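A short worksheet on the structure shown next.
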Amino acid sequence: MYGPLMADDVVKRCRADDHIDLHDRDPGDKLGWDKQWAQAAFAEEMAVVSDLQRKFFAAENTALLVVLQAMDAGGKDGTIRSVLNGVNPAGVDVNSFGVPSDEERAHDYLWRVHAHAPAMGQIGIFNRSHYEDVLVVRVKGFAPESVWSKRYDHIKHFEKMLADEGTHVVKIFLNVSKEKQRERLQDRVDDPDERWKFRLGDLDDRKLWDDYQAAFRDAIRKTTTPDAPWYIVPADRKWVRNLVVAKILRHHLEQIDPQYPPADEGFEGLIVE
Ligand code: ADP
């Protein structure tokens with residue numbers, strides 16, 4: 001079932017470039033996998049990720065920032081849950097960014113995110129992020145084009161600064177189809193246990209689907225860099241999404257190649273009484 005797609009191929013295939021078109025990326029792509037196999041492979045990938053994270057946490061000399069963006073019902077929360085299941089929670093720092101508070105609004109738009117950039121040894125997960133300031137802000141007209149159009153460059157420089165200072169930045173767009181979004185929103189309406197997730201505003205945003213897709217396309221094209229790459233993850237099937245995200249995490253942690261710090265001198269053969 002694995003076919004020709006080895007881990008690096010998956011990572012390469014999902015990577016974005018500066019002329020991507022979301023229409024060319026199939027949200028329902030199964031990457032040649034079958035569900036049962038992919039679920040087992042996910043557990044294996046996460047075991048490797050967990051091992052790498054132990055060293056990364058102990059080494060404390062780099063950080064990893066994972067930015068998660070998606071349309072509503074794109075699966076951000078589910079992705080975070082499944083990834084958190086496999087790693088030491090003490091080494092993970094999850095932050096969600098909603099409508100800015102008065103205090104946040106009184107500052108520049110990067111202020112609130114920079115404050116939550118992960119510390120060395122930590123994997124920071126941003127559930128929404130500074131990208132909202134070129135997505136919802138652009139689509140809903142919360143700021144004029146003369147303001148948001150400058151932000152792509154700010155963001156590139158901000159992420160470059162993080163990278164230069166030791167934070168690996170990885171950005172993931174969970175690419176869900178319009179039909180799958182409809183299904184998931186309907187489920188939220190119908191299922192009493194899911195209803196709390198549904199906001200009437202989701203329907204307004206759904207009407208702006210094409211504008212959001214265009215805003216995502218431009219954000220990804222303009223800010224995907226070798227230091228802070230974007231990945232477009234097929235997200236209609238949770239089992240595909242989870243395995244792809246696990247492979248991306250593994251790939252980047254392997255690139256970091258964390259090592260346990262050396263023991264202090266004089267530890268050799270020490271007897272603890
Ligand atoms: P989620 O949909 O991620 O589960 P919420 O239901 O709390 O979380 O929604 C967060 C909302 O905050 C979204 O509608 C999003 O567009 C909005 N938001 C996030 N950042 C900004 C921003 N900078 N300006 C305006 N709205 C924002």
field: Selected residue [of a type outside the set (A, V, I, L, M, F, W, C), assigned to a helix (DSSP H, G or I), over 27 Å from residue 179 (Cα atoms) and open to solvent by 20 Å² or more (accessible area, probe 1.4 Å)] from 45, 104
entry: 104
task: For residue 198, indicate whether it is within 12 Å of the ligand (Cβ to nearest atom), open to solvent by 70 Å² or more (accessible area, probe 1.4 Å), of a type in the set (Phe, Trp, Tyr) and out of contact with any Pro (no Cβ under 7 Å at 6 or more places or on another chain).
output: no
field: Filtered residues of region 1-46 (kept if aromatic (Phe, Trp, Tyr) and at pLDDT 95 or above)
entry: 33, 37, 42
Qualifying position, being part of a loop (DSSP other than H, G, I, E, B), without any contact (Cβ under 8 Å) to a residue 12 or more places away in the chain and closer than 24 Å to residue 134 by Cα, among 262, 226: 226
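Determine whether residue 180 is in a helix (DSSP H, G or I), among the basic types (Lys, Arg), touching a residue at least 40 places away in the same chain (Cβ under 8 Å) and surrounded by fewer than 18 Cβ atoms within 10 Å (Cβ to Cβ). Full working, then the answer.
On the way: in a helix (DSSP H, G or I): yes; among the basic types (Lys, Arg): yes; touching a residue at least 40 places away in the same chain (Cβ under 8 Å): yes; surrounded by fewer than 18 Cβ atoms within 10 Å (Cβ to Cβ): no.
Considered against the rule, which asks whether it is in a helix (DSSP H, G or I), among the basic types (Lys, Arg), touching a residue at least 40 places away in the same chain (Cβ under 8 Å) and surrounded by fewer than 18 Cβ atoms within 10 Å (Cβ to Cβ), residue 180 comes out as no.
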- request: With respect to residue 152, determine if the residue is touching a strand residue (DSSP E or B) at 6+ places or on another chain (Cβ under 6 Å) and open to solvent by less than 20 Å² (accessible area, probe 1.4 Å).
  value: no
- request: Tally the residues that are open to solvent by 30 Å² or more (accessible area, probe 1.4 Å) and either closer than 13 Å to residue 93 by Cβ or free of Cβ contacts under 8 Å to residues at least 12 places away in the same chain (or both), restricting the search to region 118-135.
  value: 3
query: Can you tell me which of 98, 78, 86 is near the ligand (Cβ under 8 Å from one of its atoms), open to solvent by 10 Å² or more (accessible area, probe 1.4 Å), touching a residue at least 12 places away in the same chain (Cβ under 8 Å) and not polar (S, T, N, Q)?
result: 98
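Please find, among 254, 273, the residue that is open to solvent by 30 Å² or more (accessible area, probe 1.4 Å), over 17 Å from residue 80 (Cα atoms) and either in contact with a Phe, Trp or Tyr (Cβ under 7 Å, 6 or more places away or on another chain) or assigned to a helix (DSSP H, G or I) (or both).
254
The values are calculated or read from the model by the stated rules, or taken from the named source; none is laboratory data. Everything numeric here is computed off the predicted structure, so don't read it as measured data. For neighbour counting, all protein chains shown are included, and Cβ atoms are generated from backbone atoms with ideal geometry for every residue, glycine included. For the accessible areas, the whole protein counts, side chains as well, though only heavy atoms, and no ligand, DNA or RNA atoms are used. Shrake-Rupley method; radii C 1.70, N 1.55, O 1.52, S 1.80 Å.
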